[in-house]
Structures are given as structure tokens and as C-alpha cells.
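Have a look at the structure below before the remarks.
The values are calculated or read from the model by the stated rules, or taken from the named source; none is laboratory data. Just so you know, these numbers come straight off a predicted model, no measurement behind them. Note that each Cβ is placed from the backbone with ideal geometry, even for glycine, and that neighbours are counted across all protein chains shown. Side chains are part of the model used for accessible areas, which takes the heavy atoms of the whole protein and leaves out ligands, DNA and RNA. Shrake-Rupley method; radii C 1.70, N 1.55, O 1.52, S 1.80 Å.
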Amino acid sequence: MSNQDPSMRWDPYSLTTNADFDGFWASRLAEKPRKLLLIMGRGFDIRTLEIARRLCGLGADLMVWQLAFDNGLEDSEARLGLTEKNNEALQALVPADRIVSVPIEIGGPAGAAVTSRNTKIALEDAGAFDIFDDVIVDISAMPRMVAMTAVSVLLFSLDKKAQDGGDSVNLHVTTAESVSADLGASTGSLRDSVTFVLGFSGHLEAQTTQNWPRVWFPVLGEGQRDRLNLIQEHIDPDEICPVIPFPTRKPRRGDEVVGEHRDILFDDFKIEPANILLASEYNPFEAYKQLYMAMAQYKRALKTMGGCKLFVSPLSSKLLSIGVLLACYDHRFGSAQGDSFDVGIPYVETAVYGDPNQSPIPTGFDLHSMWIRGDWEDSLPAMRSEDNSHD
């Protein structure tokens with residue numbers, strides 16, 4: 001696979017899906033004894049244990065960090081029951097003394113990055129993750145803000161460790177993906193404010209760059225009208241480039257997403273059809289490349305005006321959210337253009353979850369394993385001298 005831009009870190013990339021998932025992990029486990037850390041969510045989602053079951057079925061000796069989320073509100077009996085059922089099933093897979101509960105308070109005051117900051121602190125307090133051969137972040141049952149922060153914090157920390165002469169630890173992101181399961185788990189009410197992934201503010205409020213054009217890339221899925229309105233009002237973009245999932249497993253999903261949001265996109269936001277971008281629904285690395293190149297083009301085009309501020313909102317699947325994060329991370333810490341560029345990742349969290357409506361998937365889930373750092377890389381990317389990305 002040839003590079004479109006020699007500065008892009010994840011081109012080529014390592015992605016394993018579906019039927020190849022077991023073979024990939026069986027091969028890695030057969031190479032040598034491996035110390036594996038699985039970081040997963042404690043939750044009600046029907047996908048919560050899919051990856052753990054697969055790895056245990058292959059004979060993996062796992063240490064598990066189970067992220068336990070608390071929004072300060074009383075949970076419903078239905079969600080509590082499903083969460084406890086998943087927790088009991090995990091304990092049947094992994095010995096209790098190899099499961100570490102990692103509590104994370106989510107939510108907080110309006111506008112504060114409480115969830116993202118607490119996720120970073122909780123991971124750092126949980127123990128040393130650089131003592132493992134492979135760290136696996138399974139985002140299947142994680143709130144989106146927790147998932148993106150966890151991947152970003154671990155990627156940055158492990159990159160820095162290797163850059164400073166330490167061992168190079170492999171980092172993987174896994175998910176059992178299902179659009180219908182996402183929709184069934186997403187019922188509830190939203191918070192009334194916008195928050196940012198820690199380290200990715202886009203310098204929205206910086207006074208020295210207030211006159212720079214603001215460009216926003218909302219990566220769209222179903223039912224995102226309220227989030228679109230809140231984020232648009234908060235960042236007040238000069239130009240909007242909606243990103244539509246395509247190709248997709250459901251042939252007309254992209255058209256349906258546009259149709260659902262047609263009035264807000266074209267009547268309210270006055271978007272030009274030529275500004276619509278496409279991103280692969282089931283390949284986060286292709287989505288990463290498409291977003292990375294689009295952002296790079298705006299950086300070059302608006303350089304004569306002093307610069308620009310770019311924002312990307314992951315409002316589609318969790319898989320596409322990782323593509324968003326990698327594109328923003330590479331612009332922030334990669335070797336592109338020789339200078340750091342802080343892209344913003346604004347999002348609106350769910351305040352209260354409704355009871356899930358997730359039917360068993362007749363054909364199972366789409367499994368994905370993304371190998372985002374470690375042995376497969378010929379060399380580590382040139383990182384910036386500053387290391388305050390997650391302060």
C-alpha cells in the first residue's frame with residue numbers, strides 16, 4: 001500500500017477483521033509467551049464480553065482492567081441487571097485476582113472535560129501498563145469520550161516511553177461493531193454542553209488566533225440532530241464539511257444519514273454539497289487517511305491567512321471514532337509539515353442512558369482488531385518536544 005503523504009503514520013496499517021480475528025491472535029500468542037492487558041468497560045451492552053471470550057478461547061492469559069463508569073445517578077434495574085450479568089460472566093472467564101476494577105466518574109459541570117480528565121487519571125492510577133507485551137483497549141462497551149481518551153492517553157504514553165529508550169509495547173484497539181447495537185444502546189438524554197477530548201481543544205478560545213477561520217468536520221451517523229446543533233453553536237464554524245459513512249455494509253446507509261439530517265445541513269447550516277466527504281464505515285484506517293488528507297488540505301490552503309482551526313466531531317460508529325482520533329493525533333504529534341497542529345475533538349456526552357433495546361445479532365458482530373503501535377512499525381514517528389498533551 002503506497003503512501004498518499006509520507007508523513008502519515010498509519011499508512012500502511014494493520015487491521016484484522018471478522019474471520020481473520022482468531023487467526024491473528026492465535027498467531028501472536030503462539031510466537032512467544034505474552035503478557036496481555038485487556039482494558040474493557042463494565043457495562044450493560046450485549047457486546048461487552050465478545051472480545052474477552054475470543055481471547056480466552058484462544059488460551060490468552062489476561063490481566064483485565066475493568067473500567068467502571070459512574071455518572072452520579074441511580075441506574076435502572078434493567079441496566080444494573082445486565083451489567084451484573086456481564087460482570088459474572090467475565091469472572092467465569094478470568095480469575096477474580098486478575099481483574100482490576102478501575103472506577104471513573106463521568107459527566108460533571110457544563111463545559112468541563114471531567115470525563116476525559118478522570119479517564120486519564122484513572123488509567124495512570126490503575127498501575128503500570130508498560131510492563132505488558134500487548135495492551136488491548138476493547139472499546140465495545142465504553143462511552144465514546146472514555147474510549148477516545150483511553151486510546152489517546154495510552155498511545156501517547158507508550159510512544160513517549162519508547163522514544164525515551166524504554167521497551168516498545170504493542171497497543172491494539174478492538175471492538176465488536178454493530179450499528180444496530182449502537183442505536184439500541186444510545187437511547188437517553190444528552191448533556192446540554194460541549195466537551196473536548198483532553199489534549200484536543202483546537203485552541204478554540206485562544207485570543208491570538210481568534211480571527212483564524214474555523215472548519216468543522218462532523219462525522220455523521222443516525223440521530224445526531226441535537227449534537228449537531230449544540231456543537232455548531234459552540235464552535236461557530238466558518239465552514240462545515242460533513243463526513244458521511246461510505247462505503248457501508250448497508251448499501252443506502254449514507255443516503256439515509258444525509259436524508260435524516262437534510263434540513264439542518266442544507267437549510268440551517270447552508271452546507272454546499274461539494275463540501276460533503278466520504279469515510280469508510282468499516283475501515284477506520286481508511287477513514288483516518290481521508291480525514292487526515294482533508295485536514296492537511298485546509299491547513300495548506302489557509303496558511304496564507306495565518307492559519308486555521310480544525311474540529312472533528314465523532315458522531316457515527318465507535319469504529320469511525322478511532323479513525324477520527326488517529327487523524328487528529330497524527331496532526332498533533334506526527335511528522336506532518338514539521339509543526340504541531342492542535343485539532344479539536346468536540347463532542348456532546350450522553351447524560352442519562354435509557355434502558356437498552358439491543359436484540360441479539362443473528363449473524364454476530366463485526367470484529368475488528370487495530371494494531372496501532374509496536375512491532376509492526378519500522379520506526380516510531382517523530383514526536384514533538386512538548387509532552388503536555390494530556391495535562
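Is there any pair with a first residue in region 75-88 that is farther than 8 Å from G43 by Cα and a second that is assigned to a helix (DSSP H, G or I) whose Cβ atoms are under 9 Å apart and which are 6 or more apart or on different chains, and what are they? Pairs that qualify, where the first residue is farther than 8 Å from G43 by Cα and the partner is assigned to a helix (DSSP H, G or I), are D75/T83.
Could you list all residues from region 337-349 that are open to solvent by 10 Å² or more (accessible area, probe 1.4 Å), over 13 Å from the mean Cα position of the chain (by Cα) and at pLDDT 65 or above?
Once the filter is applied, which keeps residues that are open to solvent by 10 Å² or more (accessible area, probe 1.4 Å), over 13 Å from the mean Cα position of the chain (by Cα) and at pLDDT 65 or above, region 337-349 yields F341, D342, E349.
Taken over region 212-237, the residue count meeting the criterion of being over 20 Å from A296 (Cβ atoms) and of a type outside the set (V, I, T) is 15. The set of residues from region 194-223 being part of a helix (DSSP H, G or I) and open to solvent by less than 10 Å² (accessible area, probe 1.4 Å) is empty. Evaluated against (1) modelled with pLDDT under 85; (2) open to solvent by less than 50 Å² (accessible area, probe 1.4 Å); (3) of a type in the set (G, A, S), S189 falls short on exactly one condition, (2). In region 259-315, of all residues being in contact with a Ser or Thr (Cβ under 7 Å, 6 or more places away or on another chain) and of a type in the set (G, A, S), the one that is modelled with the highest pLDDT corresponds to A287.
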